[in-house]
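Worksheet: one structure, shown below.
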């Protein structure tokens, strides 16, 4: 008998406009679309995006996810990512670095639908899976 193993978790974030979501996640945050699905051309979008090991599903489907969800994303060299993203974010969204956050230096970015992405620096010793 084999021991069951859990795979990586993929959060589902509710988005109300797939085009706007993809523009934000691809152009501003550097994610890449892995695949997308619609039952019919005019029906809601469900898509998977990824950047390195971070994987997110975005859904226009009512009932998938809750607007305002928070996602914690471990990052090697969070300061370099912060410097990379700042010029691409909207002029009024200038996230600062919280040096004293519980998981390590952290900055948060809001997507256009109120979901919060918390990018946290880690050295891999906190069980995040990064090493």
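Out of (1) closer than 20 Å to residue 113 by Cα; (2) more than 11 Å from the chain's Cα centre (by Cα), what's the single condition that is false for residue 34?
Only one criterion is unmet by residue 34, namely (1).
Quick one: would you say residue 42 is more than 18 Å from residue 110 (Cβ to Cβ), surrounded by 15 or more Cβ atoms within 10 Å (Cβ to Cβ) and modelled with pLDDT under 95?
Working: more than 18 Å from residue 110 (Cβ to Cβ): yes; surrounded by 15 or more Cβ atoms within 10 Å (Cβ to Cβ): no; modelled with pLDDT under 95: yes.
No; evaluated as a whole, the condition is false for this residue.
Looking only at segment 81-88, decide whether some residue is touching a strand residue (DSSP E or B) at 6+ places or on another chain (Cβ under 6 Å) and surrounded by 14 or more Cβ atoms within 10 Å (Cβ to Cβ).
From segment 81-88, those touching a strand residue (DSSP E or B) at 6+ places or on another chain (Cβ under 6 Å) are 81-82; that's our starting set.
Filter once more, so that each one left must be surrounded by 14 or more Cβ atoms within 10 Å (Cβ to Cβ): 81-82.
Yes, segment 81-88 has at least one match.
Report, by residue number, each residue of segment 12-21 that is touching a strand residue (DSSP E or B) at 6+ places or on another chain (Cβ under 9 Å) and closer than 15 Å to residue 110 by Cβ. Outline the logic, then answer.
Of segment 12-21, the ones touching a strand residue (DSSP E or B) at 6+ places or on another chain (Cβ under 9 Å) are 12-15, 18, 21.
Of everything in segment 12-21, those that are touching a strand residue (DSSP E or B) at 6+ places or on another chain (Cβ under 9 Å) and closer than 15 Å to residue 110 by Cβ turn out to be 13, 14, 15, 21.
Suppose we keep only residues that are surrounded by 12 or more Cβ atoms within 10 Å (Cβ to Cβ) and touching a helix residue (DSSP H, G or I) at 6+ places or on another chain (Cβ under 8 Å) within segment 14-31. Which one would you say is farthest from residue 118 (Cα to Cα)? Don't jump to the end; show me each part of the working.
Within segment 14-31, the first condition is being surrounded by 12 or more Cβ atoms within 10 Å (Cβ to Cβ), and the residues that meet it are 14-18, 20-26, 28-31.
Applying the additional criterion that residues be touching a helix residue (DSSP H, G or I) at 6+ places or on another chain (Cβ under 8 Å) yields 15, 28-31.
Values: 15: 17, 28: 15, 29: 12, 30: 15, 31: 15 Å.
Selected residue: 15.
Just to be sure before I move on: is residue 71 touching a helix residue (DSSP H, G or I) at 6+ places or on another chain (Cβ under 8 Å), modelled with pLDDT of 95 or more and either at positive phi or surrounded by 12 or more Cβ atoms within 10 Å (Cβ to Cβ) (or both) in the structure I sent?
Values: touching a helix residue (DSSP H, G or I) at 6+ places or on another chain (Cβ under 8 Å): no; modelled with pLDDT of 95 or more: yes; either at positive phi or surrounded by 12 or more Cβ atoms within 10 Å (Cβ to Cβ) (or both): yes.
Considered against the rule, which asks whether it is touching a helix residue (DSSP H, G or I) at 6+ places or on another chain (Cβ under 8 Å), modelled with pLDDT of 95 or more and either at positive phi or surrounded by 12 or more Cβ atoms within 10 Å (Cβ to Cβ) (or both), residue 71 comes out as no.
The values are calculated or read from the model by the stated rules, or taken from the named source; none is laboratory data. This structure is a prediction, so every number in the text was calculated from the model and none was measured. Neighbour counts run over all protein chains shown; Cβ positions are idealised from the backbone, glycine included.
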